[in-house]
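Reading through the structure tokens given below for one structure.
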Amino acid sequence: MRAIAAAAGIALAISALAATDAQAITVQGRVLKGEARQPTPGVSVSLHIVKGTEELPGKMATSDAKGQYRFDGLAAGAQLSYFVSTEYEGAFYTEGPAEPAGNGEATQDIVIYEVGRDVATVHVTNHHIIVERNPDHLHVTEILVFENSGKTAYLGTGLNHAENAGIRLGLPASVKEFQMGMGGDAQTVRVQGRDLASLRPIPPGTRPFSFTYNVPLSGRMDLSHRLYFPTAKFVVLIEDPKLRLESASLKYAGQRDQNGRKFELYQGSDFPIGAEVTMRIQGAGFWSNPKIYPWVAAPFLIVGALVFAAKRGRRRTEGGADSVGAARAGEAMRFAAPTEPASRTAQPPPLLDDDFAAIYLFLIDALDRGLERGEFSKESHALVRGNLKRRLEAILSDQPRAGTR
């Protein structure tokens with residue numbers, strides 16, 4: 001019986017291996033250079049295996065003397081996709097997904113180029129910005145289509161002239177939670193202040209490039225962009241009809257249905273290099289962002305508590321003085337003709353204004369720290385800080401007249 005069971009197990013294993021071999025696929029292709037499509041040997045090719053949104057461990061190969069590469073024994077599956085990529089002279093190229101034919105083989109060539117700096121060959125055919133409203137921020141998606149009509153991959157000047165870069169774009173001032181999409185990755189895309197730069201050159205042909213970020217909700221949100229490439233068409237789609245876009249660069253073009261949702265459409269065309277596309281979104285209102293509520297309410301609550309405590313303290317002081325005066329009426333007569341005006345002795349304790357000033361200084365400092373942590377926009381910070389600062393200045397200007405200094 002044991003021998004029969006072992007033989008059956010071996011047979012099942014052989015059958016499973018045969019099925020696996022039958023389902024295996026191959027991804028192959030050539031590395032070609034330039035418009036002449038010259039086979040190029042010695043170039044490293046990476047295989048990227050993607051399952052849904054997850055990238056699985058891949059493989060590496062090197063093109064042979066004929067420029068060919070090959071990956072054998074790959075599993076087939078409805079959820080599996082295969083992409084190939086390589087880098088040449090600092091330029092990153094990717095192709096795919098590779099589609100297997102009936103024989104289980106998928107052919108995918110990769111074309112690489114020499115690198116140049118002729119910016120005149122590069123322009124943006126479309127720049128789309130999609131704005132979606134959330135409870136305390138705007139979610140912004142940007143999609144650009146670059147077209148390089150030259151024969152070399154473009155590589156220009158990057159941020160602060162310290163690094164070379166292909167794609168470059170000016171961003172809004174309050175970008176939070178930036179995430180890369182198509183055409184780049186976290187390792188090669190830099191966001192510094194209001195500038196975005198990709199270290200990858202722009203190859204000849206058409207290349208999509210996308211990313212997303214959030215902008216804190218406030219009464220007036222600045223989405224202005226500086227363009228580093230000529231842009232044929234610039235489009236902004238706003239999901240919330242209550243939000244209004246003010247722009248000297250774009251014009252309102254009605255509503256557009258997209259994926260079952262309605263968007264307000266703004267558009268412009270034919271922007272030159274260095275153009276500033278001004279965009280300010282209004283309609284959210286100062287009170288739209290709940291994160292500013294504590295900062296607005298805190299000063300009034302603290303001031304109210306201190307005023308209440310001060311009044312209560314004065315009542316106790318006056319009540320105590322009356323009882324002492326009644327018990328010692330004869331002694332109190334000595335103070336019937338004070339040497340100084342009585343109004344001076346009736347002033348509140350001088351420490352009260354000092355406490356107010358210290359509290360407002362603390363609130364201003366905490367507000368500045370909150371801005372650094374990205375808890376609210378610069379517009380909300382400036383408005384609340386201005387109110388606090390004016391109150392602090394009023395307190396400090398009143399102190400000499402109150403005799404506190």
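Taking the range 60-119 as the range and being within 21 Å of residue 39 (Cβ to Cβ) and of a type in the set (Ser, Thr, Tyr) as the test, the residues that pass are 62, 63, 69, 85, 86, 88, 93, 94, 107, 113. Looking across the range 245-263, the residues that are open to solvent by 40 Å² or more (accessible area, probe 1.4 Å) and among the small types (Gly, Ala, Ser) come down to 248, 253, 260.
Would you mind stating whether residue 183 is free of Cβ contacts under 8 Å to residues at least 24 places away in the same chain, small (Gly, Ala, Ser) and at positive phi?
no
When residue 120 is tested against (1) under 22 Å from residue 167 (Cα atoms); (2) of a type in the set (A, V, I, L, M, F, W, C); (3) open to solvent by less than 60 Å² (accessible area, probe 1.4 Å), only condition (3) is not met.
Looking only at the range 272-286, decide whether some residue is on the phi < 0 side of the Ramachandran plot and at pLDDT below 85.
The first filter runs over the range 272-286 and keeps only residues on the phi < 0 side of the Ramachandran plot, leaving 272-273, 275-282, 284, 286.
Keeping just the survivors that are at pLDDT below 85 gives 284, 286.
The answer is yes, given that some residue of the range 272-286 is on the phi < 0 side of the Ramachandran plot and at pLDDT below 85.
Just a yes or no: is a residue in the range 264-276 within 22 Å of the chain's Cα centre (by Cα), over 17 Å from residue 141 (Cα atoms) and open to solvent by 20 Å² or more (accessible area, probe 1.4 Å)? The answer is yes; a qualifying residue exists. Of all residues in the range 186-238, those satisfying the criterion of being open to solvent by 40 Å² or more (accessible area, probe 1.4 Å), of a type in the set (D, E, K, R) and free of Cβ contacts under 8 Å to residues at least 40 places away in the same chain are 190, 194.
Conditions (1) open to solvent by 50 Å² or more (accessible area, probe 1.4 Å); (2) within 20 Å of residue 30 (Cβ to Cβ); (3) charged (D, E, K, R), marked per residue:
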residue: 54; (1), (2), (3): yes, no, yes
residue: 71; (1), (2), (3): no, yes, no
residue: 78; (1), (2), (3): yes, no, no
residue: 81; (1), (2), (3): no, no, no
residue: 84; (1), (2), (3): no, yes, no
residue: 87; (1), (2), (3): yes, yes, yes
residue: 101; (1), (2), (3): yes, yes, no
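The values are calculated or read from the model by the stated rules, or taken from the named source; none is laboratory data. Source: prediction; values computed, not measured. Note that each Cβ is placed from the backbone with ideal geometry, even for glycine, and that neighbours are counted across all protein chains shown. Accessible surface is based on the protein model in full, side chains and every heavy atom, while ligands, DNA and RNA are left aside. Shrake-Rupley method; radii C 1.70, N 1.55, O 1.52, S 1.80 Å.
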